[in-house]
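My questions will all concern the structure given below.
The values are calculated or read from the model by the stated rules, or taken from the named source; none is laboratory data. Predicted, not measured: the structure shown is a model, and the values here were computed from it. Note that we place each Cβ from the backbone using ideal geometry, even for glycine, and neighbour counts take in every protein chain shown. In case anyone asks, the SASA skips ligands and DNA or RNA and just uses the protein heavy atoms, side chains included. Shrake-Rupley method; radii C 1.70, N 1.55, O 1.52, S 1.80 Å.
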Amino acid sequence: MTRTEANRPAANRSAAPRTEGLSLHAFTDLDDDAPEIGPFVSALEAFDRLPLLGELKKLAIQRTRTGPGATVLDVGCGFGLESLRLARAVTPGGSVTGVDASARFVAEAQRRAAAEGLTVTFVEGDAADLPFPDDAFDVTRAERVLVYLPDPDAALAEMVRVTRPGGRIAVITPDFDTNTIGVGDRATTRAILAHEADTAVVHPWLPRTLGPALRAAGAHDVEVASRMVVLSPDLAASYFATVGRSAAAAGAVSEEDAQVWVAEIAQRHREGTLFAAIGYYLFTATV
Ligand SMILES: C[S@@+](CC[C@H](N)C(=O)[O-])C[C@H]1O[C@@H](n2cnc3c(N)ncnc32)[C@H](O)[C@@H]1O
């Protein structure tokens, strides 16, 4: 047990995310060299518990009119956290399909659906080459996926293709240059956060071009909503400590500056004064 865990009330320990050292890069191919999916599951569950991200997910359900009877595709579904929630929303009469590039996530999603007694179809597949016919779904959604793809436009074109005319599309995505953390030294903080934005994902600024990209893919009536998603102190501490160490390892800041920065995060976490947030956007459109 780490010192931080020792200082935390026992009741909270099991909910603490095990995300230390987790590299977001691995989300581009989880079946390649990631030793186990546990830390990724833990990170996604920790994000899934954030109330302000939950608000955007609920808004996505409203704006796509996802209700009983709807057929829904969840692109890059991971291990099905939202797919399983949506399966309840479309009952009775609807159906949910999840597609993900990771065979290990697909297997975990199938295990969870069976454990909850829910009928959801999970298949392995590439967002840029969806294994479904044209016009197959009422609603197609992708959450925290497009920033990892080499060609998000190809995925958007596929999402439009498999959605029926009049159907709805939802994309939930962060902008990595909105990472916010309240630690002391602004120059070090800016250098570390800029390094993270430039290296963590392929398209850190995706929301800034997503509206035109959706229209170019053939969708219309594009609407946008956003939330600054405040992180839980546990998630903020583990995520940003890793971000600081990565920046030092890449030479973006000195080891000494990074150590001071990471130590301040740990101290603020212990004291209960750590604040961190990430900006998320919801884009919805009609096909
Ligand atoms: C950050 S996770 C988000 C998972 C889920 N949407 C959520 O919000 O909990 C990114 C997901 O995208 C998947 N992914 C990455 N590249 C993909 C691709 N080319 N096609 C389909 N899924 C992909 C990863 O395997 C991973 O499950």
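For the range 170-268, which whole percent of the accessible surface, found with a 1.4 angstrom probe, sits on carbon and sulfur atoms?
Numbers: 2340 of 4360 Å².
Summing carbon and sulfur atoms, their accessible area is 54 percent of the total for the range 170-268.
Sticking with this one: Cα axis of helix 38-48 to longest principal axis of the chain: angle in degrees, 0 to 90, nearest 10?
So the inclination is approximately 80 degrees.
Once both labels are modelled 7 Å past Cα along the beta-carbon direction, what's the ASP135-THR91 spacing in nm?
Result: 3.1 nm between the two label points.
Follow-up. Please tell me the relative contact order of the chain in percent, rounded to the nearest whole number, where contacts are Cα pairs under 8 Å and at least six residues apart. If you can, show how the numbers build up before the last one.
Working: 542 pairs, mean separation 60.6, N = 287.
So the answer I get is 21 percent.
Amide H to amide H, which residues 5 or more places from THR71 or on other chains are under 5 Å from it, using H placed in the peptide plane?
Here SER95, ASP138, VAL139 satisfy the definition.
Per residue, what accessible area does the range 203-244 have, given a 1.4 Å probe and all protein chains present, in Å²? Working shown, then result.
Numbers: 1760 Å² over 42 residues.
Accessible area per residue: 42 Å².
Could you state the angle between the C-alpha long axis of helix 255-271 and the longest principal axis of the C-alpha atoms of the chain, as a value from 0 to 90 degrees rounded to the nearest 10?
That works out to roughly 80 degrees.
With a Förster radius of 35 Å, plug the Cβ-Cβ distance of ALA114 and ASP153 into 1/(1 + (r/R0)^6) and report the FRET value to the nearest 0.05.
Values: r = 35 Å, r/R0 = 1.01.
E between ALA114 and ASP153, to the nearest 0.05, is 0.50.
Of the accessible area of the range 36-100, with the probe set at 1.4 angstrom, what percent is carbon plus sulfur?
Working: 1340 of 2320 Å².
Percent of accessible area from carbon and sulfur atoms in the range 36-100: 58.
From the alpha carbon gyration tensor of the range 3-286, can you work out the equivalent ellipsoid semi-axes (sqrt of 5 times each eigenvalue) and give them in Å, largest to smallest?
Taking √(5λ) for each eigenvalue gives 33, 21, 17 Å, largest first.
Can you tell me which of GLU124, GLU82, GLU271 moves the most in a GNM of the chain? Springs connect C-alpha atoms under 10 Å apart.
Maximum fluctuation in the GNM of the chain, among the listed residues, is at GLU271.
Related question: Mind checking the angle between helix 207-216 and the chain's longest principal axis? C-alpha axes, 0 to 90 degrees, to the nearest 10.
Rounded to the nearest ten degrees, it is 10.
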